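Note sheet for the following structure.
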Amino acid sequence: MDIEQFRKAGYDAIDRICAYHYSLREKPVVAQVKPGYLRDLIPNSAPQKGHEWASIIDDYQRDILPGLTHWHHPSFFAYFPTANTFEGVLGDLLSSSTSNPGFNWFASPACTELEAVVMDWAAKMFGLHRAFWNVNEVGGGVIQTTASDSALTAIVAARTRYISDHSGTALESLVIYVTTQTHSFGKKAGMILGLRVRALDVDATVTTDNTGLTGEVLRAAVKEDHARGLHPFVLIATVGTTSTGAIDQVGEIGAIIEESFPSIWLHVDAAWAGVTLACPEYREFAQLPGINEHADSVCINFHKWGLTNFDASSLWVRERRRLIDALDVTPEYLRTKEGDAGNVTDYRNWHLSLGRRFRSLKLWFVLRSFGVEGFQANIRKCISLNNSFVERVRACPIFELVTPPAFALTVFRLLPEPAGNTDELESVNSLNRAFYSDLQSRPDLALTQTSLGGVFCVRFAVGSTRTEQRDIDNAWKIIKEAGENVLLKMGL
Ligand code: PLP
């Protein structure tokens, strides 16, 4: 494709993207295809001779698009919805048009410098203490691919810090602390690093008030592990867990770590709910004071609820040197005059890979185009839409909220009255599995499930920028009817 062909194909692609977004509401939310459908449509090997662009893009439209789940459909309430804005799309388009794997300052100064600046914009928007700002040159922020990578990076830095402060410690005695509600990346990090992982049980507090880890649970676990000759060196706390949006008590936990176990690194995973820190009214609830006072690192994904297309996971650290100590390997071919002089940031030492995408461009576009007020408005809109769903669940006698609602997430289940008919856990669970399976088979909305202390529940997460009140109303109608039908079938 030459430049003029690209111009034509590019305009056409933008037209197709617009048509896609115009038609989203009419599409099934979930792909209506069977496993393996694409194998039958696409040849087994790449073509010997290249194809005309027109046929390639038509095949995309015909074969690929129908196999996509439409995450930006207004009725997508599954997982945590992921962000999509046209500012983000244009940022990705432009950054891929110059393809700079800006791993150090020299490799593309603007990639590094824009990232350092927008991460400070974001830190200020979220109210993060200046200790985390790039401009102070002690802490700082970096954009990672995902929250899983952010956590893994923090754990690697924590391990290096622990080993250098406690030389001679056997790696087998190190323990990563997570909770029973931490995202699965905690266990995965243990598998990758070959380290023990201990999950502190928080299910009881989550079920009662949707708070998670408290200081006392942590203190007891550390004492127990120390007595067994083990060394917990990092704790992953979560603000807004995946299952229920639970909130670990970061201030309380952080104070105990600081006072009694200062060699434990506190990483706060606020991948989903962290963006609410942009709104002053949520800062206390979302643990900002604790984060500012005690966290060694904190992760907030812009690509979940932060208007910025996947991928854009922000990681702030209190001491950048901890990342560099753990990750800097500089052979001759990576040396630069500026790096040697130490007056630039080389982001390759702040994450696991070498090359990196120019993600700050889309974040810059998003923050400039929406402004802080537009960013806050999106958060408040989603929470308010979720609240309208919560009210309906509360008012309907056949449902119950399993946990108090958190931000824009509702966790609920069928629980018909009188509860005496169905108070056996397994029978309520099988009722709810039937209800969920009914919802899952529908093309017109998407939800996901979870289990809390053995209780099967359904999650309803609001986050798509296109979701409006009418979509909540429609979803409620579908959900209520599905619930009533299941009860009818079961004779309840
Ligand atoms: N942390 C929380 C609380 C999440 O909900 C998720 C995913 O939903 C993750 C981490 C993992 O996010 P990522 O896909 O960016 O690794």
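The values are calculated or read from the model by the stated rules, or taken from the named source; none is laboratory data. Please read these numbers as outputs of a predicted model, since none were measured by experiment. Every residue, glycine as well, gets a Cβ built from its backbone with ideal geometry; the counts of neighbours run over all protein chains shown.
Here are the numbers:
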{"read-out": "Identity of the residue in the range 463-492, assigned to a loop (DSSP other than H, G, I, E, B) and among the aliphatic types (A, V, I, L, M), that ends up modelled with the lowest pLDDT", "value": "492"}
{"read-out": "Residue 268 free of Cβ contacts under 8 Å to residues at least 60 places away in the same chain, among the β-branched types (Val, Ile, Thr) and crowded, with 24+ Cβ neighbours inside 10 Å", "value": "yes"}
{"read-out": "The listed residue being more than 16 Å from the ligand (Cβ to nearest atom), assigned to a helix (DSSP H, G or I) and of a type in the set (Val, Ile, Thr), out of 57, 42", "value": "57"}
{"read-out": "Residue in the range 370-388 that is under 21 Å from the mean Cα position of the chain (by Cα), of a type in the set (Ser, Thr, Tyr) and surrounded by fewer than 22 Cβ atoms within 10 Å (Cβ to Cβ) present", "value": "yes"}
{"read-out": "Selection within the range 383-408 - of a type outside the set (D, E, K, R) and touching a Phe, Trp or Tyr at 6+ places or on another chain (Cβ under 7 Å)", "value": "383, 389, 393, 399, 401, 402"}
{"read-out": "Pair list, Cβ under 8 Å, 6 or more apart: the range 303-323 residue closer than 14 Å to residue 128 by Cβ, other residue polar (S, T, N, Q) and within 13 Å of the ligand (Cβ to nearest atom)", "value": "314/144; 314/150; 314/301; 315/144; 315/150; 315/153"}
{"read-out": "Candidates 397, 404 - the one that is in a loop (DSSP other than H, G, I, E, B) and over 30 Å from residue 306 (Cβ atoms)", "value": "397"}
{"read-out": "Any chance residue 32 is more than 27 Å from the chain's Cα centre (by Cα) and of a type outside the set (Asp, Glu)", "value": "no"}
{"read-out": "Lone unmet requirement of (1) out of contact with any strand residue (DSSP E or B) (no Cβ under 6 Å at 6 or more places or on another chain); (2) over 26 Å from residue 449 (Cα atoms) for residue 240", "value": "(2)"}
{"read-out": "Criterion violated by residue 311 - all others in (1) farther than 21 Å from residue 138 by Cα; (2) surrounded by fewer than 17 Cβ atoms within 10 Å (Cβ to Cβ) satisfied", "value": "(2)"}
{"read-out": "In the range 206-218, the residues that are over 14 Å from residue 250 (Cβ atoms) and buried (at least 19 other Cβ atoms within 10 Å of the Cβ)", "value": "206, 210"}
{"read-out": "Index of the failed condition, residue 19 passing every other in (1) aliphatic (A, V, I, L, M); (2) surrounded by 13 or more Cβ atoms within 10 Å (Cβ to Cβ); (3) outside any loop (DSSP other than H, G, I, E, B)", "value": "(2)"}
{"read-out": "Conditions (1) crowded, with 20+ Cβ neighbours inside 10 Å; (2) touching a Leu at 6+ places or on another chain (Cβ under 7 Å); (3) not in a loop (DSSP other than H, G, I, E, B): number failed by residue 158", "value": "(2)"}
{"read-out": "Verdict on residue 460 being among the aromatic types (Phe, Trp, Tyr) and either outside any helix (DSSP H, G or I) or touching a Pro at 6+ places or on another chain (Cβ under 8 Å) (or both)", "value": "yes"}
{"read-out": "Residues within the range 205-250 that are of a type in the set (Asp, Glu) and within 14 Å of the ligand (Cβ to nearest atom), tallied", "value": "1"}
{"read-out": "Residues satisfying the stated conditions in the range 306-319, i.e. more than 10 Å from the ligand (Cβ to nearest atom) and either charged (D, E, K, R) or on the phi < 0 side of the Ramachandran plot (or both)", "value": "306, 308, 309, 314, 315, 316, 317, 318, 319"}
{"read-out": "All positions within the range 169-197 that are away from the ligand (no atom under 15 Å from the Cβ), surrounded by fewer than 17 Cβ atoms within 10 Å (Cβ to Cβ) and not hydrophobic (A, V, I, L, M, F, W, C)", "value": "169, 172, 173, 194"}
{"read-out": "The range 426-443 residues that are within 14 Å of residue 490 (Cα to Cα), paired with ones that are part of a loop (DSSP other than H, G, I, E, B) and of a type in the set (Gly, Ala, Ser) (beta carbon under 8 Å, 6 or more apart)", "value": "429/454"}
{"read-out": "So residue 63, is it under 17 Å from residue 9 (Cα atoms), in the same structural domain as residue 8 (by TED's automatic domain parsing) and surrounded by 11 or more Cβ atoms within 10 Å (Cβ to Cβ)", "value": "no"}
{"read-out": "Search result, residues across the range 106-154 that are within 16 Å of the ligand (Cβ to nearest atom), among the hydroxyl-bearing types (Ser, Thr, Tyr) and not in a helix (DSSP H, G or I)", "value": "145, 146"}
{"read-out": "Some residue of the range 232-242 being farther than 27 Å from residue 401 by Cβ and in a loop (DSSP other than H, G, I, E, B)", "value": "no"}
{"read-out": "Count - residues of the range 94-105 that are part of a loop (DSSP other than H, G, I, E, B) and on the phi < 0 side of the Ramachandran plot", "value": "6"}
{"read-out": "Residue in the range 129-137 that is surrounded by 24 or more Cβ atoms within 10 Å (Cβ to Cβ) and touching a residue at least 24 places away in the same chain (Cβ under 8 Å) present", "value": "yes"}
